[in-house]
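In what follows, a single structure is set out as structure tokens and then discussed.
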Amino acid sequence: MKKLILIDGNSIAYRAFFALPLLNNDKGVYTNAVYGFTTMLLKIIQEEKPTHMLVAFDAGKTTFRHKTYEEYKGGRQKTPPELSEQFPLIRELLDAFNIKRFELDNYEADDIIGTLSKEAEKEKWEVKVVSGDKDLLQLVSDYVTVVLTKKGITNVESYDEALIDEKYGIKPHQIIDMKGLMGDSSDNIPGVPGVGEKTALKLLKQFGTIENVLDSVDDVSGKKLKEKLSENKEQALMSKELATIFTEVPYNLTLDELKFGEYDEEKVVSLFKELEFKSLVDQFDTGVSAAEKELEELSFDVVEEVKEEHLATPAAMVVEVLDENYHQADIAGFALVHEKGRYFIPTETALRSDLFVEWAKDETKKKWLLDAKRGVVVLGWKDVLLDGVDFDLLMASYLLDPSHSSHDLSDIATRKGAKSIQADEAVYGKGAKRKVPETDVLAEHLVRKANVIYELKERMEEELKKNEQFELFKDLEMPLSVVLGRMETEGVKVDIDQLKAMGEDLASRLAELEKHIHEHAGVSFNINSPKQLGEVLFEKLGLPVIKKTKTGYSTSADVLEKLAEDHEIIRHILHYRQLGKLNSTYIEGLVKVTHKGTSKIHTRFNQALTQTGRLSSTDPNLQNIPIRLEEGRKIRKAFIPSEEGWKILAADYSQIELRVLAHIAQDEKLITAFKEDMDVHTKTAMDVFHVSEEDVTSMMRRSAKAVNFGIVYGISDYGLSQSLGITRKEAAKFIERYLASYPNVAEYMERIIEEARENGYVSTLLNRRRYLPELTSRNFNQRSFAERTAMNTPIQGTAADIIKKAMVEMALRLEEANLKSRLLLQVHDELIFEVPPEEVDEMMKIVPEVMENAVELAVPLKVDISAGDTWYDAK
DNA sequence: TACCCCACGC
DNA sequence: GACGTACGTGGGGTAC
């Protein structure tokens, strides 16, 4: 049975505002109406357990009723600003709860509610209307109940036909007749003077409707009343009209769209935190609430010896590893859920079973996992091949909405309205306390997880298909996770002795520098402490303070650069910082994670994290190995092929983002520039400064490059001003000139923002999505940020799509051609391979071919490639 | 342990 | 006008 709750947003907000004292949070934002609204909402959800919900708001000042009666709602007190400023927060709240809200010019919330309640009634849904306004009672029927606030906000009364009859002695449809007669001072509906509730009801009991009353005025008892009725005939009819809810509002919603149930708990909690609704935060915070929730009984078997019957497919599969870093990690246990049953399989039982191992590697046996790469890699380390992965809930969740910061199964389950399960953290503990629990606890938790995966697979795929993201999911990200898993498992070989030698060299130079700096300062202090450094520079040495941070003086590189002239010590400090970074992050950091026996580093690529679709790399991050300064670049000499005589081959896309921009914006000038393989920064300089190629100075090119950079990364005028060392105004002018030079780009920027506002999201070439709810934010910064994101994400995201596609195709090609070459790393626009000497020539041909033809754009894609003995030499 | 500052890559 | 402004990861310091 479907149950629809329709809430009169304005009415409830007003009630809440006046019922509660003016609360505000520490930022001075008033929150009492939001708070009241929230408690009301939660109560309704909890008590009514609706399947569908909608909150309607009044839009604007005038409605069609003003045409009938100019004075409609006249004389009303203006909404207090303390209340109006809370409406955007209420909208935000509803969005966080994934509750549809709706408002429409010319119509009141009542009319929207009326229309939808009639609609739902036709479908025989149960409808509850929530408001503080008695007018709504006219909607009551066999299917529709109206819940009116009594005192305060959570004190309510449900009206059905019987209660209306009991209270008023009339039918719901007569409510409008009652209003017509008695009027409504709050809406400035006149009614008939001298007629109040009592008289109105008496008349209606006798005559039924206003029309009948007026037609039979002669039969009305009381001389005065007769007179009043005759005199105010028109007014009474008009009043009835005004009180009548219009139930044919044109709306573009379907009832199905009002579905309620899946929402982002994180968003809700973070909004509650922002609003300082402490009690609600406690109630909602994931760990707590999930742990407290009663879990439904779920039966399962613990497998003692793997048999055929345990291995039906398709099967949801959990390969549990507690360590965040799954490389060479212990498996805590397995769970399988399929149509034949639910099973927990202890690690050893599974791994020593030939049946299980054969099943795992059988491509035709379909497996559904959460984080397939994790499962594949961890089993790979145990020499168990996992094939036939047919569904990855992690990837599905990420593609549907990358903005969720957690893809913990319990979070996904909550969001998607699946059976709730405990968060891993609640079962395993966190930090130092994290450990494998008792077997029965573990077994049940794993089975529950597999069960959720099993439950959600179809629905997630449906959603992906609806979004036209199924191909992206199935043909790109899923195969890519296998490719990435292989890259991670393969690892990159490092020359550990060379790293250590560089470290020793750095250490001694750092000691030298430290001595110099302390001498210059006249005091011994920790140079790595921004606090101590700030005190030395700005208090002891009295250097001018350029910038402050929240906690003290800023000592960032750009600040220090500005002080370089003022004191000799600054150069040394900058150098110290540079070498210190190299030593701690890159030398010590890399040595720490290099496997002793194999001298290899196994990073993990996070495929479900960035908002744009790029990958990220952790433990260690191999996507930020130094290159720009020679000193740091030398680190790359330590990255070597894993086999004697092999080469490192690096292939990078040239200006892929700007090529993508040229394509998306269909900008002829840019397209031509790329077709002619021009230097794009020089070309930009020519166009922006209106000079010929010969007249482009290095300064102009540098500026043009910075602007192009800004376009690609979506930086603001402020960001551009920082990178060019100019004022914000100048930077803004610069951007303006750029856009004037490339009108199609300017047009694209406008169009994409408009489109994003309409759709609520932007997409890439391969339909990757990013939702941008802040585009309608009342906060200038949030909105501007969302606008830049709207412009930038399709560019960066499409570039990510392209290289991902190239990776998947490259893996296929290597296999087909039976090549020994291996893909090792991806650095956003660059692929790193290790290649046996006899394959170098072939790879130098194949790699660019695959990369350049990954997709077809209006401009050619260009790949630069080179090979060398180390990563350093592949330049 | 959580946060800040700083710095590396794209 | 809006006062904070590409995306990531990681190391070191510091306050709790």
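The values are calculated or read from the model by the stated rules, or taken from the named source; none is laboratory data. Computed from a prediction, not measured in an experiment: that's the story for all the values here. In this analysis, Cβ positions are derived from the backbone assuming ideal geometry, glycine residues included, and neighbour counts consider all displayed protein chains. The accessibility values were calculated without ligands, DNA or RNA, using every heavy atom of the protein model including side chains. Shrake-Rupley method; radii C 1.70, N 1.55, O 1.52, S 1.80 Å.
To keep it simple, each residue is scored yes or no on (1) within 16 Å of DNA strand B (Cβ to nearest atom); (2) open to solvent by 10 Å² or more (accessible area, probe 1.4 Å); (3) within 18 Å of the chain's Cα centre (by Cα); (4) modelled with pLDDT of 95 or more.
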| residue | (1), (2), (3), (4) |
| --- | --- |
| A:Pro773 | no, yes, yes, no |
| A:Gln782 | no, yes, yes, no |
| A:Met810 | no, no, no, yes |
| A:Leu831 | yes, no, no, yes |
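Within region A:715-730, if we keep just the residues that are touching a residue at least 60 places away in the same chain (Cβ under 8 Å) and more than 17 Å from A:Glu561 (Cβ to Cβ), the residue that is nearest to DNA strand B (Cβ to nearest atom) turns out to be A:Ile715. Among the residues making up region A:720-738, those that are within 10 Å of DNA strand C (Cβ to nearest atom) and open to solvent by 20 Å² or more (accessible area, probe 1.4 Å) are A:Gln722, A:Ser723, A:Arg728. The single residue among A:Ala564, A:Ala501, A:Ala511 that is away from DNA strand B (no atom under 11 Å from the Cβ), of a type in the set (Gly, Ala, Ser) and touching a helix residue (DSSP H, G or I) at 6+ places or on another chain (Cβ under 7 Å) turns out to be A:Ala564. For A:Arg769, the criteria (1) within 11 Å of DNA strand C (Cβ to nearest atom); (2) of a type in the set (D, E, K, R); (3) open to solvent by less than 50 Å² (accessible area, probe 1.4 Å) hold in every case but one, which is (1).
The numbered conditions (1) open to solvent by less than 80 Å² (accessible area, probe 1.4 Å); (2) without any contact (Cβ under 8 Å) to a residue 40 or more places away in the chain; (3) within 16 Å of DNA strand B (Cβ to nearest atom) are all true for A:Phe709 except (1).
Hey, can you tell me all the residues within region A:424-444 that are open to solvent by 10 Å² or more (accessible area, probe 1.4 Å) and touching a residue at least 12 places away in the same chain (Cβ under 8 Å)? Selection gives A:Asp424, A:Glu425, A:Ala426, A:Val427, A:Arg434, A:Lys435, A:Val436, A:Thr439, A:Val441, A:Glu444. If you filter region A:614-672 down to residues that are without any contact (Cβ under 8 Å) to a residue 12 or more places away in the chain and more than 15 Å from DNA strand B (Cβ to nearest atom), you find that the one that is nearest to A:Gln578 (Cα to Cα) is A:Glu644.
For A:Asp475, the requirement of being in a helix (DSSP H, G or I), more than 26 Å from the chain's Cα centre (by Cα) and outside the structural domain of A:His327 (by TED's automatic domain parsing) is not met. When residues in region A:191-224 are screened for being assigned to a loop (DSSP other than H, G, I, E, B) and within 21 Å of A:Pro172 (Cα to Cα), 6 of them pass. Is it the case that A:Glu71 is assigned to a helix (DSSP H, G or I) and on the phi < 0 side of the Ramachandran plot? So A:Glu71 does not fit the description; no. The set of residues in region A:721-753 being within 26 Å of the chain's Cα centre (by Cα) and within 20 Å of A:Gln782 (Cα to Cα) consists of A:Met749, A:Glu750, A:Arg751, A:Ile752, A:Ile753.
Residue count for region A:425-444 satisfying the condition of being in a helix (DSSP H, G or I), away from DNA strand C (no atom under 16 Å from the Cβ) and at pLDDT below 90: 3. When the strands (runs of 3 or more DSSP E) confined to region A:92-182 are screened for residues that are at pLDDT 85 or above and surrounded by 24 or more Cβ atoms within 10 Å (Cβ to Cβ), those reaching at least 3 such residues are found at A:126-131. Just one of (1) surrounded by 15 or more Cβ atoms within 10 Å (Cβ to Cβ); (2) under 31 Å from the mean Cα position of the chain (by Cα); (3) not polar (S, T, N, Q) fails for A:Glu324. It is (1).
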